[in-house]
1. Could you tell me which numbered condition Ser27 fails, if it satisfies all but one of (1) of a type in the set (S, T, N, Q); (2) open to solvent by 70 Å² or more (accessible area, probe 1.4 Å); (3) at pLDDT below 85?
2. With respect to Pro94, is the statement that it is touching a Gly at 6+ places or on another chain (Cβ under 8 Å), farther than 16 Å from Ile158 by Cβ and either open to solvent by less than 70 Å² (accessible area, probe 1.4 Å) or part of a loop (DSSP other than H, G, I, E, B) (or both) true?
3. Report, by residue number, each residue of region 114-124 that is open to solvent by less than 60 Å² (accessible area, probe 1.4 Å), of a type outside the set (Ser, Thr, Tyr) and in contact (Cβ under 8 Å) with a residue 24 or more places away in the chain.
4. Open to solvent by 60 Å² or more (accessible area, probe 1.4 Å) and modelled with pLDDT under 80: is that true of Leu67 in this structure?
5. Considering only region 11-24, state which residues are among the hydrophobic types (A, V, I, L, M, F, W, C), surrounded by 15 or more Cβ atoms within 10 Å (Cβ to Cβ) and either over 14 Å from Arg53 (Cα atoms) or at pLDDT 90 or above (or both).
6. Would you mind telling me which numbered condition in (1) at pLDDT below 90; (2) within 13 Å of the chain's Cα centre (by Cα) Ile122 fails?
7. Among the residues of region 110-133, write down those that are assigned to a strand (DSSP E or B) and more than 20 Å from Gly47 (Cβ to Cβ).
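The values are calculated or read from the model by the stated rules, or taken from the named source; none is laboratory data. Fair warning: this is a prediction, and the values are worked out from it, not measured in the lab. Every residue, glycine as well, gets a Cβ built from its backbone with ideal geometry; the counts of neighbours run over all protein chains shown. Heavy atoms of the whole protein, side chains included, go into the accessibility calculation; ligands, DNA and RNA do not. Shrake-Rupley method; radii C 1.70, N 1.55, O 1.52, S 1.80 Å.
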Amino acid sequence: MAKPTLQAQAIKDGRKRLELAQDELASKLGVSRSTVSNWECGRSSPGPSHQSRLEGIIGPFAHEGALGPDAANEGEGDIGNLEDFDPYDEGARPDTPGIYVFYDVSQRPVYVGESKQISKRIHQHLEKFWFKRPIVQSASYIEVRDEKLRRKLEQALIKFMKNNAVINKVGAPSD
């Protein structure tokens, strides 16, 4: 098991200092208990809106910075880490540019997209017939600021997944 990041440890320590269970903190933040667990284990990190709400509850994180140890070193062409989020939770949707992937109930990727503001793009999916559980159950994203790199990565991921990206087959090679 990977060692939790300093941010993950700060979240866990803050929750315990306040004598809150994971489900109690999750309720205060409007997220699932598993989301809090993932933050505390370092499997994912809170987005900017949850970061702010978390700091309002447990206090500011006294370490590398609100966005984690690598945030200050990231250049415009760099890519971030893979982060999970709930696509149905408006507050959990990332407000960053990047690539996002929707997964079905079996955790199979079913859609890959790119956007200069992921949250706005996902909002456009809300009325689509396929944007319902269990077709879209969960999601992940990677922050990618450079537009050309975002587009190349999106096309590469769609081609890599071939017919497994059941919703968007644009750019997928046919057999």
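1. Going through (1) of a type in the set (S, T, N, Q); (2) open to solvent by 70 Å² or more (accessible area, probe 1.4 Å); (3) at pLDDT below 85 one by one, Ser27 breaks only (3).
2. Values: touching a Gly at 6+ places or on another chain (Cβ under 8 Å): yes; farther than 16 Å from Ile158 by Cβ: yes; either open to solvent by less than 70 Å² (accessible area, probe 1.4 Å) or part of a loop (DSSP other than H, G, I, E, B) (or both): yes.
Yes: the conditions hold for Pro94.
3. The first filter runs over region 114-124 and keeps only residues open to solvent by less than 60 Å² (accessible area, probe 1.4 Å), leaving 114-115, 117-119, 122.
Next, from what is left, pick out any that are of a type outside the set (Ser, Thr, Tyr): 114, 117-118, 122.
Residues satisfying the conditions are Glu114, Ile118, Ile122.
4. So Leu67 passes the test.
5. To start, the set of residues in region 11-24 that are among the hydrophobic types (A, V, I, L, M, F, W, C) comprises 11, 18, 20-21.
Within this subset, residues satisfying the condition of being surrounded by 15 or more Cβ atoms within 10 Å (Cβ to Cβ) are 11, 20.
Residue satisfying the conditions is Leu20 alone.
6. (1)
7. Within region 110-133, the first condition is being assigned to a strand (DSSP E or B), and the residues that meet it are 110-115.
Within region 110-133, Val110 is the sole residue that qualifies.
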